[in-house]
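The values are calculated or read from the model by the stated rules, or taken from the named source; none is laboratory data. Keep in mind that this is a model prediction, so the values were computed, not measured. When we count neighbours, we look across all protein chains shown, and the Cβ atoms used for this are built from the backbone with ideal geometry, even at glycine. Areas reflect the complete protein model, heavy atoms only, side chains present, ligands, DNA and RNA absent. Shrake-Rupley method; radii C 1.70, N 1.55, O 1.52, S 1.80 Å.
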Amino acid sequence: MRFDILSIFPEMFASLIDYGIIGRALKRGQIEINLVNLRDFAEGPHLVTDDRPFGGGDGMVMKPEPIVRALESISTGKGEKSVILLTPQGQPFTQSIARGLAMLKQIVLVCGRYEGVDERVRSRYVDTEVSIGDYILTGGELPAMVVVDAVSRLIPGVLGGARSNREESFEDHFLEYPHYTRPRVFQGLEVPSVLLSGDHRRIELWRRTQSIKRTLERRPDLLEKAFFSEADKCILEELKQKHGKPSHIGDQESDHDQ
Ligand code: 9D3
């Protein structure tokens, strides 16, 4: 996968490139990131990339020419390519969109700043518009990093092999069960005894119950898409009987039972 990222702040991507799984994927050549500084494609003595909006109003708009020149400078190889504009007006980014993007050969990410980019760039050059959620950021750079991160980890070999298999399973519509590691007692808090029992069937049942319970309490919206096995349905019925309403967030008592 090759990512071309157009931004007036390419330095912001240093942390993405230098650390962790993405840093390792870059070193291994599993992904490629080409940072394009929009200012390099600006003209005039001040190399401006923005201008005042026609029709008046507050804020500035990104000029079309630097973005289009930058887009035209990008080399394209074989395979499918997509130009994505990061914008609050885009479709909400999901795991499903990430999976679709992971099948491409090249992704061009256009990071907006100010009030946004000139509409004619969007209409003529952009394939997809993506938002990362309903909150206001100062630009498209952090959203672009979110897309690179989410897509890269889906590319075969970028993560360890065992992890990716689990991803494919139906489990991903549930929140995860609680995790514990050593020490067995931390600040007086014990690891649930079932996890120390060595009884793998009971452990599996406990984890599945915790997963369903957490999803019910915190993200009931996810359950609409989730696939329930017959065993899952039994667990769900039992949970519903125990607590009438699934709204015990932060209820310490209910976190201890099974
Ligand atoms: C007058 C309203 N504008 C400023 C408050 C709208 C506005 C313009 C540009 C709001 C945010 C931005 C910058 N944000 C992005 O470019 C952006 C973004 C976001 O803010 N939230 C979630 N996803 C994204 S993707 C790009």
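Couple of notes before you dig in:
- Selection over segment 114-123 of residues that are without any contact (Cβ under 8 Å) to a residue 40 or more places away in the chain and either of a type outside the set (Asp, Glu) or within 12 Å of the ligand (Cβ to nearest atom) (or both) gives a count of 2.
- Gly44 meets the conditions (1) of a type outside the set (A, V, I, L, M); (2) surrounded by fewer than 14 Cβ atoms within 10 Å (Cβ to Cβ); (3) within 16 Å of the ligand (Cβ to nearest atom) in every case but one. The failed one is (3).
- In segment 101-123, the residues that are closer than 17 Å to Val61 by Cα and surrounded by 12 or more Cβ atoms within 10 Å (Cβ to Cβ): Val110, Cys111, Gly112, Arg113, Tyr114, Glu115, Gly116, Val117, Asp118, Val121, Arg122
- Residue in segment 10-21 that is in a loop (DSSP other than H, G, I, E, B), open to solvent by 50 Å² or more (accessible area, probe 1.4 Å) and not hydroxyl-bearing (Ser, Thr, Tyr) present: no
- Complete set of residues in segment 72-90 that are surrounded by 16 or more Cβ atoms within 10 Å (Cβ to Cβ), within 16 Å of the ligand (Cβ to nearest atom) and not hydroxyl-bearing (Ser, Thr, Tyr): Val83, Ile84, Leu85, Leu86, Pro88, Gly90
- Qualifying positions in segment 132-156 - assigned to a loop (DSSP other than H, G, I, E, B) and without any contact (Cβ under 8 Å) to a residue 60 or more places away in the chain: Ile132, Gly133, Asp134, Tyr135, Ile136, Leu137, Thr138, Leu154, Pro156
- Residue that is under 19 Å from the mean Cα position of the chain (by Cα), modelled with pLDDT of 95 or more, surrounded by 14 or more Cβ atoms within 10 Å (Cβ to Cβ) and within 16 Å of the ligand (Cβ to nearest atom), where the choices are Gly140, Gly133: Gly140
- Of the residues Val68, Val110, the single one that is at pLDDT 95 or above and assigned to a helix (DSSP H, G or I) is Val68.
- Of everything in segment 143-169 that is open to solvent by less than 100 Å² (accessible area, probe 1.4 Å) and at pLDDT below 95, the residue that is nearest to the ligand (Cβ to nearest atom) is Glu167.
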